[in-house]
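Worksheet: the structure to be examined is printed underneath.
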Amino acid sequence: MKDDTREKRWQDHFPRSLPRYVLLVCLALVVVSLGVVLTPASPPEPAIPPFSEQARAAALAETRQLLDAGSQLGTAARADSKDGPAEGADGRPADAGNPAIDRTVTLLTLQAQALLAPGESPADPAGAASASGRATPPAASAAPLPATAAGLVAALAGSGRQRLADAAKADGGMARLLAAVGTAQLLQASALAAGTGTAAPAADVTPPQVSGTCPSQSATAPTTERQAATEPSTAAQPEGEPTAAASSLGGALASAARTEAQTIYGYQVALTRLGGDAAKSAAEELAHHDALLGAVESLSRLHCSAVPAREAGYALAPSFLASPAAGLGDLEAAALPVYGDLVALSEGATRQWAIAALFGSAKRAVQWGADSGALPGLDRASMPTRPAGETPSQPAG
């Protein structure tokens, strides 16, 4: 009888307690969920930036380092000149500093501006890129600044060579920018060495040997790994109908071939009006351009592109006939954006050849007295504005 009474009491009590138990369960679930939400989750591993972004950040950090070093050397040169005579031997004010160092500072300032990513400011510290999720500048940027002109020459040349090496592997547009920066830095290293009486660095870029035939003309021939990586695939394309990328590359190669043919004609005309060492240099460069044209035509055939027909002659400005040496400099400078296009649109060994051709054109432009600019190979309309109070960078003569 007692057991029946106890069971009856439990049955009468349970319906009344059910809401209380449900409420307690809900409260427990809320507490547990809040604990989970409030517990900080492990931060995700930062994504590794693509190579092009890493190369840009490294170029910006090193260019800023070189700029700081050049600015310090320029300040020291002006301070030293104040202790000397009121006017230098060249008639310039004694506190004007060293022109080669000043030109180096101007060039590096423009390059640093061009290397900024969207959202970055010239006043940002070198490590600001990492705060916005971009590539972190390399640890080498914290190395001591070059304290002498010779040290700056060596650092400038080393940076230029690294930029050219990175340009060979970066994405198209970034490759063009890095090739422009590297070319200008290598050339300015030589100009700075000449202007400060220090040893000149090695400033040559050797083009690779590129050979092969169009895949559609040798379907049964073995394809090397390099050709497979650089040549456009025709597997899904109708015969005779190139891909869009191949058409762009073909246009760049055709433009380079026409530019070289016109340059050859200019050298031929200039040789009839030059004498002495200038004529000797022009003859050597004429032979070099003949080889360049042959290489461009070979590259066109390699990439299944039409080779432009060579013309008998080209129109030359009257100023060219009046001053053929300066005209040759203008011809070399006009080739820079053409090879800049080829750098951006090509890959692999073809791009390495284009980088070497870009550097060679800029070097010859400087030798003939033209200004290759702070970013040779880029459209000057897209270049950053020159800082207020800065003078244009002049070529080494």
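Below is a table of values for the structure above.
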{"read-out": "Subset of segment 299-320 (residues that are surrounded by 13 or more Cβ atoms within 10 Å (Cβ to Cβ) and outside any helix (DSSP H, G or I))", "value": "HIS303, CYS304, SER305, VAL307, PRO308, ARG310, TYR314, LEU316"}
{"read-out": "Matching residues in segment 158-172 - criterion: being farther than 18 Å from GLY373 by Cα and surrounded by fewer than 24 Cβ atoms within 10 Å (Cβ to Cβ)", "value": "GLY158, GLN162, ALA165, ASP166, ALA168, LYS169, ASP171, GLY172"}
{"read-out": "Residue pairs meeting the criteria (Cβ under 7 Å; at least 6 apart or on separate chains; first of a type in the set (Ser, Thr, Tyr), in segment 96-123; second buried (at least 22 other Cβ atoms within 10 Å of the Cβ))", "value": "THR104/GLY70; THR104/GLN188; THR104/LEU192; THR106/SER393"}
{"read-out": "Inter-residue pairs, beta-carbon under 6 Å, first farther than 12 Å from THR104 by Cα and of a type in the set (S, T, N, Q) and in segment 188-205, second modelled with pLDDT of 90 or more and surrounded by fewer than 19 Cβ atoms within 10 Å (Cβ to Cβ), 6+ apart", "value": "THR198/ALA150"}
{"read-out": "Complete set of residues in segment 52-77 that are touching a Pro at 6+ places or on another chain (Cβ under 6 Å) and more than 18 Å from ALA149 (Cβ to Cβ)", "value": "ALA57, ALA58, ALA61"}
{"read-out": "Selection status of GLY389, farther than 19 Å from GLY160 by Cβ, assigned to a loop (DSSP other than H, G, I, E, B) and modelled with pLDDT under 95", "value": "yes"}
{"read-out": "Residue in segment 83-93 that is more than 31 Å from the chain's Cα centre (by Cα), part of a helix (DSSP H, G or I), farther than 16 Å from GLN188 by Cβ and modelled with pLDDT under 60 present", "value": "no"}
{"read-out": "Output for segment 354-367, where each listed residue is buried (at least 24 other Cβ atoms within 10 Å of the Cβ) and not aliphatic (A, V, I, L, M)", "value": "PHE359, SER361"}
{"read-out": "Residues being assigned to a helix (DSSP H, G or I) and open to solvent by less than 10 Å² (accessible area, probe 1.4 Å) - total across segment 321-350", "value": "10"}
{"read-out": "Among the residues listed as ALA306, ALA322, the single one being more than 30 Å from SER248 (Cβ to Cβ) and modelled with pLDDT under 95", "value": "ALA322"}
{"read-out": "LYS169 at pLDDT 95 or above and part of a helix (DSSP H, G or I)", "value": "no"}
{"read-out": "Top-ranked residue in segment 203-227 [being modelled with pLDDT under 50 and assigned to a loop (DSSP other than H, G, I, E, B); ranked as farthest from the chain's Cα centre (by Cα)]", "value": "THR220"}
{"read-out": "Cross-chain or 6+ apart pairs with Cβ under 8 Å, segment 41-66 first and touching a residue at least 24 places away in the same chain (Cβ under 8 Å), then surrounded by fewer than 20 Cβ atoms within 10 Å (Cβ to Cβ) and of a type in the set (Val, Ile, Thr)", "value": "ALA57/THR136"}
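The values are calculated or read from the model by the stated rules, or taken from the named source; none is laboratory data. These numbers were taken from a predicted model, which means no experiment stands behind them. Reconstructed Cβ throughout: ideal geometry from the backbone, glycine too, with neighbour counts over all protein chains shown. Side chains are part of the model used for accessible areas, which takes the heavy atoms of the whole protein and leaves out ligands, DNA and RNA. Shrake-Rupley method; radii C 1.70, N 1.55, O 1.52, S 1.80 Å.
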